[in-house]
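Colleague: One structure is given below, represented as structure tokens, and several questions about it will come after.
The values are calculated or read from the model by the stated rules, or taken from the named source; none is laboratory data. Bear in mind the structure is a predicted one, so any value in this text is a computation, not a measurement. Cβ sites come from the backbone with ideal geometry, for glycine too, and all protein chains shown count toward neighbours. Note: areas computed on protein heavy atoms with side chains; ligands, DNA, RNA excluded. Shrake-Rupley method; radii C 1.70, N 1.55, O 1.52, S 1.80 Å.
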Amino acid sequence: LVCLVARLVFLYVHYVLWTRTQGDVKRESLRIQEDMHAHRERARVVGTLTVKVSRARDLPHSKADTTDPYVEVTCGEEKLYCKTLFDQLNPIWDEEFCLYIQSSQLSTDPPPSERFANLKVTVMDADRLSSDDLIGFISMPLSSLVDGVEAGGWHRLEVPTASSEQYQQGQVHLCVRLDLWPPDHD
């Protein structure tokens, strides 16, 4: 009986160790796959886009009579946000963002209209009780930027209307710099 119990304990311990080992192998395999995916993503990065959101002016009053603006900066799949400033029609953010540019965003394969990604800067009005309201946006194609040169200035915010026209309201001050890396950059 003691031999049988010892044998069962031995088999149980080996089974537990084997299943743990199998779990470790699976976890290590997943970690290696994640590392390979991250390396592939890094390999596609060809530069950086630095965006400084300085301020806005002449923003309209919201329906609630207070405007609580924040900024959403989007390029490709990256989306970053400035802080919300409460009850401001001329907010000052002075926030700087660095976005990574992937080779697909500068591709020469698609038709010219789709060739370069756009930098989109959207000014929103934060609402506590309902969805946030669009104040306006600007869209800037990366193709309009010169590598290594900072472009700064005031940009009029556009707002799409129901009649598919766009009108402008308020302005945002941005400084944008595109820095492309040499092809052999690590």
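Colleague: Show the residue pairs meeting these rules: Cβ distance below 6 Å; 6+ apart or different chains; first residue within region 166-186 and within 19 Å of residue 120 (Cβ to Cβ) and at pLDDT 80 or above; second residue outside any strand (DSSP E or B) and open to solvent by less than 80 Å² (accessible area, probe 1.4 Å).
Modeller: Within 6 Å, the pairs are 169/60; 170/59; 178/145.
Colleague: Taking the criterion of being exposed (fewer than 12 other Cβ atoms within 10 Å of the Cβ) and either over 19 Å from the mean Cα position of the chain (by Cα) or modelled with pLDDT of 85 or more (or both), would at least one residue in region 138-147 satisfy it?
Modeller: Scanning region 138-147, I find at least one residue that is exposed (fewer than 12 other Cβ atoms within 10 Å of the Cβ) and either over 19 Å from the mean Cα position of the chain (by Cα) or modelled with pLDDT of 85 or more (or both), so the answer is yes.
Colleague: Looking for something at pLDDT below 90, open to solvent by less than 90 Å² (accessible area, probe 1.4 Å), of a type in the set (Ser, Thr, Tyr) and in contact with a Leu (Cβ under 6 Å, 6 or more places away or on another chain) - is there at least one such residue anywhere in region 107-120?
Modeller: No, that holds for no residue.
Colleague: What number goes with the only condition from (1) modelled with pLDDT of 90 or more; (2) over 26 Å from residue 44 (Cα atoms); (3) open to solvent by 40 Å² or more (accessible area, probe 1.4 Å) that residue 95 does not pass?
Modeller: (3)
Colleague: List pairs: first residue in region 141-155 and touching a residue at least 60 places away in the same chain (Cβ under 8 Å), second residue in a helix (DSSP H, G or I) anywhere in the structure, Cβ distance under 7 angstrom, at least six positions apart or on different chains.
Modeller: Taking only residues 6 or more apart or on different chains, the pairs are 142/105; 142/106.
Colleague: Also: Could you list all residues from region 63-72 that are open to solvent by 50 Å² or more (accessible area, probe 1.4 Å), without any contact (Cβ under 8 Å) to a residue 60 or more places away in the chain and either closer than 14 Å to residue 122 by Cα or hydrophobic (A, V, I, L, M, F, W, C) (or both)?
Modeller: none
Colleague: Let me ask something additional. Can you tell me which residue within region 73-92, out of those that are β-branched (Val, Ile, Thr) and within 12 Å of residue 51 (Cβ to Cβ), is most open to solvent (accessible area, probe 1.4 Å)?
Modeller: 74
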